[in-house]
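The values are calculated or read from the model by the stated rules, or taken from the named source; none is laboratory data. The shown structure was predicted, so the numbers you read here are calculated from the model rather than taken from an experiment. So basically every Cβ, Gly included, is an ideal-geometry build from the backbone, and we count neighbours across all protein chains shown.
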Ligand SMILES: Cc1ncc(COP(=O)(O)O)c(C=O)c1O
């Protein structure tokens, strides 16, 4: 491929070597979109354009870009300690962040394992679930249950319990012993619902059926996103999560909420678990944990799950798992500062306050060409479009391109356009995003 150079303010780099993830690489090289600077609600592109960020980086910069508190904390940490051995030694910030996470988590979920990403958090959570049953003498509980249209990252565990076919089909047999519940998306019953849809709680009963099929003594855990994010922002029907909880309790299964997107204020509460009033046994987090500043993920779990491992001789490693960068000092510093920003600036409450405004503005798009559903909660919204026949994803991709051209970054997942702006967004900026989206839809 020919090398590209440009006379624009930030010339393009040589683009041959980098394989861009989850990207149409050939199309991207023809029409590159590079961000060179960001601050607050805005990003600047390589060709000097300022874009309003409607997606918080990649559903992660919840406190906005380069939040001064987070930047200062990371710089300060780097001046003091770059890295500390993660196994058999540690450093104070990792403990501080774990305690602070426990403090905002549902009661009883007071232990934290750190990873570097959401994918690693998911694989770690699945391993904890399997090992937990084993250390309690229930080692036959090995089966895992996910859900169609679930996204749990890209590790082998995550794609195995995940339910997005294109993410699975190239990678062989995946891990064995996994079943999937049906997804809950149904336009016929629930299109244009405001908040949680009325129809669909009964779909949780599929869990009962799967568990009965295998016998509860063989099933370890169920993992769901409380709101499916990457599959298009699919809200749980009223009563659905409650029913999952009830079935898990009845059969001794662990319930894992993957809150990589829904955590840290996205739904107007620290976690969707709190927003929906359903307490899982394990929560996976990443993204907003550091407001996207430094890579980090984590698993927050019930105290007694941790305690179940604390048996045997004290010198033995209770859970043979971990990453060189688990609890990395820079990530831990970013995490503590992100929590400061969220709590001191009331950003979780702010998302709740802005929820009706975003909802109202988004539902104003009903009737625009090809719009077949609109969904939202907190500062998480989606507009689903009728796919072009035979060309799924094309319609939404066109809308993305037009919004980008007109100064707004949105995200597409399939034929859904998703909005997850930083929680610092103003009403006027919500107007700009929705108005830009409206014109992009009108062009269709
Ligand atoms: C619910 C959920 N789980 C896991 C992940 C994977 O996180 P990461 O990309 O940090 O590995 C994502 C990423 O979007 C996610 O949305």
Taking residue 364, is it within 16 Å of the ligand (Cβ to nearest atom), in contact (Cβ under 8 Å) with a residue 24 or more places away in the chain and touching a helix residue (DSSP H, G or I) at 6+ places or on another chain (Cβ under 8 Å)? no
The conditions are (1) within 16 Å of the ligand (Cβ to nearest atom); (2) surrounded by fewer than 19 Cβ atoms within 10 Å (Cβ to Cβ), and residue 238 fails exactly one of them. Which is it? (1)
Considering only residues that are part of a loop (DSSP other than H, G, I, E, B) and touching a residue at least 24 places away in the same chain (Cβ under 8 Å), look in region 85-106 and name the one that is nearest to the chain's Cα centre (by Cα). 105
Go through region 245-279 and count every residue that is more than 11 Å from the ligand (Cβ to nearest atom) and assigned to a strand (DSSP E or B). 2
Which of the residues belonging to region 118-138 are within 16 Å of the ligand (Cβ to nearest atom) and crowded, with 20+ Cβ neighbours inside 10 Å? 118, 119, 120, 121, 122, 123, 124, 125, 126, 128, 129
Going residue by residue through region 321-329, is there one that turns out to be touching a residue at least 24 places away in the same chain (Cβ under 8 Å), part of a helix (DSSP H, G or I) and assigned by TED's automatic domain parsing to the domain that holds residue 98? yes
When you check residue 434 against the structure, is it in the same structural domain as residue 42 (by TED's automatic domain parsing), crowded, with 16+ Cβ neighbours inside 10 Å, touching a residue at least 40 places away in the same chain (Cβ under 8 Å) and more than 29 Å from residue 289 (Cα to Cα), yes or no? no
Can you give me the number of residues within region 25-63 that are out of contact with any helix residue (DSSP H, G or I) (no Cβ under 8 Å at 6 or more places or on another chain), away from the ligand (no atom under 16 Å from the Cβ) and not in a strand (DSSP E or B)? 13
Matching residues in region 330-373 - criterion: being assigned to a loop (DSSP other than H, G, I, E, B) and farther than 22 Å from residue 263 by Cβ: 364, 365, 366, 367, 368, 369, 370
Is it the case that region 280-298 has a residue that's within 20 Å of residue 135 (Cβ to Cβ) and away from the ligand (no atom under 16 Å from the Cβ)? yes
Quickly run through region 327-370 and pick out the residues that are crowded, with 20+ Cβ neighbours inside 10 Å and in contact with a strand residue (DSSP E or B) (Cβ under 7 Å, 6 or more places away or on another chain). 327, 358, 362
Mind checking whether some residue in region 409-417 is without any contact (Cβ under 8 Å) to a residue 60 or more places away in the chain, in a helix (DSSP H, G or I) and in contact with a helix residue (DSSP H, G or I) (Cβ under 8 Å, 6 or more places away or on another chain)? no
If the requirement is being buried (at least 17 other Cβ atoms within 10 Å of the Cβ) and either outside the structural domain of residue 302 (by TED's automatic domain parsing) or in contact with a strand residue (DSSP E or B) (Cβ under 8 Å, 6 or more places away or on another chain) (or both), which of these qualifies: 86, 17, 56, 24? 56
Against the conditions (1) part of a helix (DSSP H, G or I); (2) within 16 Å of the ligand (Cβ to nearest atom); (3) closer than 26 Å to residue 370 by Cα, where does residue 157 fall short? Just the number, please. (3)
I'd like to check something: does region 312-327 contain any residue that is on the phi > 0 side of the Ramachandran plot, in contact with a helix residue (DSSP H, G or I) (Cβ under 8 Å, 6 or more places away or on another chain) and modelled with pLDDT of 95 or more? yes
If you take just the helices (runs of 4 or more DSSP H) that sit entirely in region 163-229, which of them hold at least 3 residues that are within 16 Å of the ligand (Cβ to nearest atom)? 165-168
